[in-house]
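The next block holds one structure in the form of structure tokens; read it before the comments.
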Amino acid sequence: MIDLKGKSIVSIDDLNTEELTQLIDTSLRLKDELYVGEFHEVLRGKTLGMIFEKPSLRTRVAFETAMTQLGGHAIYLGPNDIKLGKRETTEDIAKVLSSMVNVIMARVFAHKTVEDLARYSKVPVINALSDFEHPTQIIGDMLTIKEKFGGFRGLKLTFVGDGNNVAHSLMLAGAKLGMHVVVASPKGYEPSTKIVKRCDEISKTTSATLEVTNDLESAASGADVIYTDVWASMGQESEIEERKRIFAPYQVNSKVMSLAKPTAIFLHCLPAHYGDEVTEEVGHGPQSAIFQEAENRLHSIKAMLVHTTR
Ligand code: CP
Ligand code: NVA
């Protein structure tokens, strides 16, 4: 049995293959139990502090609902409550908050902020999205892939679009789980070379593969999973018009889906901009699993809280 008690999850790379696999398995078990009305109030009396520098639907609701179902409590601290880094330093916030709550989650602009929170906190800190990674998203996505395909090894997972936070966490998880990950991005928007290097290293022991390309057609061909995300992430609003022009050839539409396997599924972390990165026909079509994927945020976040909170 893995032991993640007291451990922060800032990056997917904070988890080894066994820990990642166990979190996905726990998510599945908690989901099955919830469906038959079984609750385990294992976090009774525990409090989650939630720091948000950016908006959220899925992540906030998943964390709060998770704490309710686990018998604990969650406190929402929005951008105007603590004014992270402006009213008070990240270090002081981490020290004060972790002297009162049992676990912290943070959605931040700069990845360094969540790294600093974890460094100075006495309790686990979970990255609920930074500009570099989105680990809670990807654990839920892997649960969806497991439900759809029964496993991971050898599946071709193609991410189309911006080499962003979601792409980075997906690449790391794919490498750890032995998948064939392909990222198709426009020139200049490829994922970080640091992540590519780290995935290459991980792949040596997991027989995963990673390819970064500008060629959407070859990337989509024979894929089991086609995944996309918005073209401009939170914090990049001023680039929206320029990005719309650059990313237009990378839209996931029925032509792109027809290149993938007939059994392929479509994933999107949401929120989606239909007509931009994905057509409504694909997003709401028969191959789409986006709403199962969104629901799975709850089950996977519950698993992360159960395993890390003391
Ligand atoms: N996918 C995701 O993180 O959604 P929210 O931004 O609504 O939390
Ligand atoms: N890449 C997106 C993901 C939103 C869940 C963003 O950072 O805005």
Exercise. With the checklist (1) modelled with pLDDT of 95 or more; (2) away from ligand 2 (no atom under 16 Å from the Cβ); (3) open to solvent by 10 Å² or more (accessible area, probe 1.4 Å) in hand, flag the one item S98 doesn't pass.
Key: (3)
Quiz item: If you check K5 against the conditions, is it more than 30 Å from A272 (Cα to Cα), of a type outside the set (S, T, N, Q), open to solvent by 40 Å² or more (accessible area, probe 1.4 Å) and in contact (Cβ under 8 Å) with a residue 12 or more places away in the chain?
Solution: yes
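Does I75 meet the test of being out of contact with any helix residue (DSSP H, G or I) (no Cβ under 7 Å at 6 or more places or on another chain), at pLDDT 95 or above and in a strand (DSSP E or B)?
Working: out of contact with any helix residue (DSSP H, G or I) (no Cβ under 7 Å at 6 or more places or on another chain): yes; at pLDDT 95 or above: yes; in a strand (DSSP E or B): yes.
For I75, the condition - out of contact with any helix residue (DSSP H, G or I) (no Cβ under 7 Å at 6 or more places or on another chain), at pLDDT 95 or above and in a strand (DSSP E or B) - is met.
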Exercise. Scan segment 254-290 for residues that are over 18 Å from L170 (Cα atoms) and among the aromatic types (F, W, Y) and report the count.
Key: 1
Self-check item: Members of segment 216-238 found to be more than 12 Å from ligand 2 (Cβ to nearest atom) and farther than 19 Å from T158 by Cβ, listed by number
Solution: S238
Practice problem: Output the number of the condition that V278 fails; it satisfies all remaining conditions of (1) open to solvent by 30 Å² or more (accessible area, probe 1.4 Å); (2) closer than 16 Å to D141 by Cβ. | Solution: (1)
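Determine, yes or no, whether K156 is surrounded by 21 or more Cβ atoms within 10 Å (Cβ to Cβ), away from ligand 2 (no atom under 15 Å from the Cβ) and either of a type in the set (K, R) or modelled with pLDDT under 95 (or both).
Working: surrounded by 21 or more Cβ atoms within 10 Å (Cβ to Cβ): yes; away from ligand 2 (no atom under 15 Å from the Cβ): yes; either of a type in the set (K, R) or modelled with pLDDT under 95 (or both): yes.
Considered against the rule, which asks whether it is surrounded by 21 or more Cβ atoms within 10 Å (Cβ to Cβ), away from ligand 2 (no atom under 15 Å from the Cβ) and either of a type in the set (K, R) or modelled with pLDDT under 95 (or both), K156 comes out as yes.
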Exercise. Restrict the check to segment 254-275 and report whether at least one residue is surrounded by 14 or more Cβ atoms within 10 Å (Cβ to Cβ), within 16 Å of ligand 2 (Cβ to nearest atom) and in a helix (DSSP H, G or I).
Key: no
Exercise. Within segment 38-63, track down each residue that is away from ligand 2 (no atom under 16 Å from the Cβ), at pLDDT 95 or above and loosely packed, with under 13 Cβ neighbours inside 10 Å.
Key: E41, R44, G45
Quiz item: If you scan segment 125-148, which residues turn out to be touching a strand residue (DSSP E or B) at 6+ places or on another chain (Cβ under 8 Å) and either surrounded by fewer than 24 Cβ atoms within 10 Å (Cβ to Cβ) or β-branched (V, I, T) (or both)?
Solution: V125, I126, T136, T144, I145, K148
Exercise. Output the number of the condition that K83 fails; it satisfies all remaining conditions of (1) under 11 Å from L305 (Cβ atoms); (2) modelled with pLDDT under 95.
Key: (1)
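The values are calculated or read from the model by the stated rules, or taken from the named source; none is laboratory data. Computed from a predicted model, the values in this text were never measured in an experiment. Cβ sites come from the backbone with ideal geometry, for glycine too, and all protein chains shown count toward neighbours. To get the accessible areas, we keep the full protein, side chains included, count just its heavy atoms, and leave off ligands, DNA and RNA. Shrake-Rupley method; radii C 1.70, N 1.55, O 1.52, S 1.80 Å.
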